[in-house]
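A.B. asks: Before we start, here is the structure in question, set down as structure tokens.
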Amino acid sequence: MVQQGQRFLVACHRRPDADAYGSAVGFAAVLRQLGKDVTLYVPDDLSLTLQYLVDYVPRVRELPPEARFDSTWVMDTAAKTLLPDGLPGREVRGPLIVVDHHAAHDDVGDLKLRDTDACATGEVIALLARKLGVWPLPRAAATPLYAAIVADTGGFRYPATKPRTLRLGAELLEAGADPWEAAYELFEGWEEPRMKLLASILDTLEVSDCGRLALLRVTRAMLSEVGANDDMVEGMVNYGRMLRGVEVAALLWEWPTETGLDTKISLRSRGTADISLIAVAMGGGGHRNAAGAQCSEDLETVQVRVRREALALLGPPPC
Ligand SMILES: [Mn+2]
């Protein structure tokens with residue numbers, strides 16, 4: 001599929017995170033190295049965190065109407081609803097190949113390059129590049145793929161970090177990725193409103209059920225009070241999990257829709273609790289230790305439901 005084609009469309013899921021966008025930029029750079037014509041299509045706004053990757057392969061936010069492609073590759077996308085806006089039909093885009101590391105939510109893509117053992121979609125792309133003989137990688141691919149892997153492993157900390165992950169990290173550094181640049185851009189370098197938002201979110205902390213459940217919340221009023229946006233909420237749920245003894249952390253997040261306010265739920269767990277079960281019960285999905293859902297009820301109602309589901313998962317309180 002890669003060898004024969006010449007015109008490639010590369011994209012990633014909506015509201016891209018570093019794994020989705022880094023994988024797309026990295027794969028586009030690999031294809032360029034192979035002499036292919038590549039269109040990197042990412043219509044969404046990019047968070048500040050991802051800005052340091054934008055120059056490696058410039059993206060387009062709209063496709064020219066006359067564009068035709070031999071194949072289309074979408075990164076890190078486990079469900080049809082996550083496909084980017086404006087993805088053209090089959091006659092324009094050719095076959096749709098999904099590159100991913102999530103267990104699939106639904107049948108998306110004509111072809112799948114899925115490895116649920118991979119720590120990130122960026123790892124799947126790096127292995128593909130190696131197979132294609134683009135190795136060592138050019139820096140334009142190494143930098144975004146390093147970002148993808150560092151982000152999805154929490155800086156080589158989460159259990160998906162395997163010896164081979166660190167070996168791949170070393171090879172990406174040899175190919176020109178900069179570890180401090182990635183760490184600063186992905187995990188530090190906060191804007192002042194985000195820091196203030198963290199303070200107000202921490203203020204909502206409720207610990208219950210013998211210290212096993214931590215609940216945090218964020219409302220529209222909290223966001224506007226400090227001038228923060230929704231991108232800045234990303235990752236805040238981890239502060240709940242950081243508390244010693246907490247097994248399930250949930251962040252409840254007011255989310256505007258056309259008709260009113262939904263509540264988004266971000267879930268994290270530590271240890272054996274499989275919180276994807278809570279997410280599924282709430283109409284969402286995800287991984288064992290990181291999952292989420294969106295409900296049409298208000299924050300208070302959702303909080304009661306989440307607590308009930310968490311108790312069902314954790315069993316009766318031991319204290
Ligand atoms: Mn990912």
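The values are calculated or read from the model by the stated rules, or taken from the named source; none is laboratory data. Because the structure is a prediction, the values reported are computed rather than measured. Cβ atoms come from the backbone with ideal geometry, glycine included; neighbour counts cover every protein chain shown. Remember, those area values only see protein heavy atoms, side chains included, never the ligands or the DNA or RNA. Shrake-Rupley method; radii C 1.70, N 1.55, O 1.52, S 1.80 Å.
A.B. asks: Once Lys and Arg get +1 and Asp and Glu get -1 on their Cβ, which of L223, V60, F187 lies farthest toward the positive end of the dipole of the chain?
C.D. replies: About the Cα centre, the residue reaching furthest to the positive side is F187.
A.B. asks: Could I ask something else about it? Would you mind working out the accessible area per residue for segment 204-277, using a 1.4 Å probe, and quoting it in Å²? Spell out each step's value before the answer.
C.D. replies: Details: 3270 Å² over 74 residues.
For segment 204-277, the per-residue accessible area is 44 Å².
A.B. asks: Applying 1/(1 + (r/R0)^6) with R0 = 35 Å to the Cβ-Cβ distance of R61 and C210, what FRET efficiency is obtained, to the nearest 0.05?
C.D. replies: On the way: r = 49 Å, r/R0 = 1.41.
Computed FRET efficiency for R61 and C210 comes out at 0.10.
A.B. asks: Under 11 Å from the Cβ of R68, count the other residues' Cβ atoms, weight Lys and Arg +1, Asp and Glu -1, and hand me the total. Let's see the in-between values first.
C.D. replies: On the way: positive: R7, R93; negative: D37, E66, D70, E91.
Local charge sum for R68: -2.
A.B. asks: Still on this structure, I have one more. Starting from the Cα of R15, step 7 Å along the direction of its Cβ; do the same at C319; then give the gap between the two resulting points in nm.
C.D. replies: Result for the modelled spin labels: 3.3 nm.
A.B. asks: Then there is this: Compute the distance in nm between two label points, each set 7 Å from the Cα along the Cα-to-Cβ direction, one at R7 and one at E300.
C.D. replies: It works out to 5.7 nm between the two label points.
A.B. asks: Counting only residues 5 or more places away or on other chains, whose amide H sits under 5 Å from the amide H of T77 once H atoms are built in the peptide plane?
C.D. replies: V99
A.B. asks: Suppose R0 equals 51 Å. What FRET efficiency, 1/(1 + (r/R0)^6) with r the Cβ-Cβ distance, do K80 and Y184 give to the nearest 0.05?
C.D. replies: Numbers: r = 35 Å, r/R0 = 0.69.
With R0 = 51 Å, the Cβ-Cβ based efficiency is 0.90.
A.B. asks: Hey, another quick one. Using each residue's phi in segment 195-212, evaluate 6.51 cos²θ - 1.76 cosθ + 1.60 at θ = phi - 60° and report the 3J(HN,Hα) Karplus result to the nearest Hz, with x for Gly and Pro.
C.D. replies: Result, ordered by residue: 4, 5, 5, 4, 4, 6, 5, 4, 4, 8, 4, 10, 10, 9, 6, 6, x, 8 Hz.
A.B. asks: Each label point is 7 Å from the Cα along the Cα-to-Cβ direction; what then is the distance between the points at K112 and L127, in nm?
C.D. replies: Distance between label points: 1.4 nm.
A.B. asks: Of all accessible surface on the chain at a 1.4 Å probe, what whole percent is carbon and sulfur?
C.D. replies: Numbers: 7560 of 14770 Å².
Solvent-exposed carbon and sulfur of the chain make up 51 percent of the total.
A.B. asks: Ok, one more. Would you report the distance distribution of C-alpha pairs in segment 239-293 as whole percents per 5 angstrom bin, up to the bin with the largest distance?
C.D. replies: Binned Cα distances yield the sequence 5, 22, 26, 22, 14, 7, 3, 1.
A.B. asks: Sticking with this structure for a sec: Could you tell me how many cubic angstrom of Cα convex hull volume segment 7-187 has per residue?
C.D. replies: Numbers: hull volume 18.6 nm³, N = 181.
Cα convex hull per residue, to the nearest whole number: 103 Å³.
A.B. asks: What does the C-alpha gyration tensor say about the overall shape of segment 94-178? Classify as rounded when a/c is under 1.5, otherwise prolate if a/b is larger than b/c, or oblate. Mind dumping the intermediate values first?
C.D. replies: Details: a/c = 2.28, a/b = 1.33, b/c = 1.71.
In terms of gyration-tensor shape, oblate.
A.B. asks: Can you give me the three principal axis dimensions of segment 192-314 from its C-alpha atoms, in Å, biggest first?
C.D. replies: Its Cα atoms span 37, 33, 22 Å along the three principal axes.
A.B. asks: Let me ask you something else. Which peptide among 184-197, 28-41 comes first, and what is the full order, when sorted by highest mean count of other Cβ atoms within 10 Å?
C.D. replies: Listed from highest to lowest mean packing, they are 28-41, 184-197.
A.B. asks: Right, something else. With each run of n ≥ 4 DSSP H residues scored as -39500 (n - 2.57), what mean residue ellipticity at 222 nm is computed for the chain after dividing by its residue count and rounding to the nearest 500 deg cm²/dmol?
C.D. replies: The helix-only estimate for the chain comes to -10000 deg cm²/dmol at 222 nm.
A.B. asks: Whole-Hz ³J(HN,Hα) for each residue in segment 246-255, computed from phi via Karplus 6.51 cos²θ - 1.76 cosθ + 1.60 with θ = phi - 60°, x for glycine and proline: what do you get?
C.D. replies: Once rounded to whole Hz, the list reads 6, 9, 10, 10, 10, 10, 9, 9, 5, 10.
A.B. asks: Here's a follow-up. For each cysteine in the chain, check whether another cysteine's C-beta sits under 4.7 Å from its C-beta; list those where none does.
C.D. replies: Unpaired cysteines in the chain: C12, C119, C295.
A.B. asks: Restricting things to alpha carbons, tell me how big the chain is in terms of Rg and Dmax, in Å.
C.D. replies: 20.1, 66
A.B. asks: Can you classify segment 181-240 as rounded, prolate or oblate using the Cα gyration tensor, where a ≥ b ≥ c are the square roots of its eigenvalues, rounded means a/c under 1.5, and otherwise it's prolate if a/b beats b/c and oblate if not? Intermediate results must be reported in sequence, preceding the final value.
C.D. replies: Values: a/c = 2.88, a/b = 1.39, b/c = 2.07.
Taking the square roots of the gyration eigenvalues as a ≥ b ≥ c, segment 181-240 is oblate.
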